[in-house]
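Read through the structure below, which is laid out as structure tokens, and then see the notes.
The values are calculated or read from the model by the stated rules, or taken from the named source; none is laboratory data. Because the structure is predicted, anything quoted here is derived from the model rather than measured. Backbone-built Cβ (ideal geometry, glycine too); neighbour counts: all protein chains shown.
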Amino acid sequence: MSNKQLLSSTDIDRIIEMAWEDRTSFDAIERQFGLKEKEVIELMRKEMKSASFKMWRKRTNGRTTKHEALRSEEADRFKCSRQRTISLNKISKRK
């Protein structure tokens with residue numbers, strides 16, 4: 001994983017958070033951090049406990065919302081009401 005060397009611990013935490021979100025696609029992670037799906041899976045395997053990784057893979061395997069090409073038009077954009085705004089790959093602080 002060539003981009004991994006450039007990732008801070010904050011970036012790694014954000015990638016894991018995005019990968020856990022059902023509606024955040026692997027394509028969105030690639031656009032923001034430059035990691036392909038295989039690299040995200042490799043990162044998740046390395047950073048997570050084995051049982052947590054297996055649970056995540058089972059849940060995301062074949063999920064259409066994780067792949068933009070397979071999504072329906074209804075799942076075009078999603079933002080949780082609890083999600084903070086993101087600016088330049090950083091989570092902005094609440095005021």
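Here is a check on your reading of the model: is ARG77 in contact with a strand residue (DSSP E or B) (Cβ under 6 Å, 6 or more places away or on another chain) and modelled with pLDDT under 90?
Here the answer is no, as ARG77 does not meet what is asked.
Tally up the residues in the stretch 38-64 that are modelled with pLDDT under 90 and touching a Lys or Arg at 6+ places or on another chain (Cβ under 8 Å), please.
Within the stretch 38-64, residues that are modelled with pLDDT under 90 and touching a Lys or Arg at 6+ places or on another chain (Cβ under 8 Å) number 2.
From ARG45, ARG31, which residue is over 19 Å from ASN61 (Cβ atoms) and part of a helix (DSSP H, G or I)?
ARG31
For the stretch 4-11, does any single residue satisfy the condition of being touching a residue at least 12 places away in the same chain (Cβ under 8 Å), within 10 Å of the chain's Cα centre (by Cα) and surrounded by 16 or more Cβ atoms within 10 Å (Cβ to Cβ)?
no
Name the residues in the stretch 12-28 that are in a helix (DSSP H, G or I) and touching a residue at least 24 places away in the same chain (Cβ under 8 Å), would you?
Of everything in the stretch 12-28, those that are in a helix (DSSP H, G or I) and touching a residue at least 24 places away in the same chain (Cβ under 8 Å) turn out to be ILE12, ARG14, ILE15, ILE16, ALA19, TRP20, PHE26, ASP27, ALA28.
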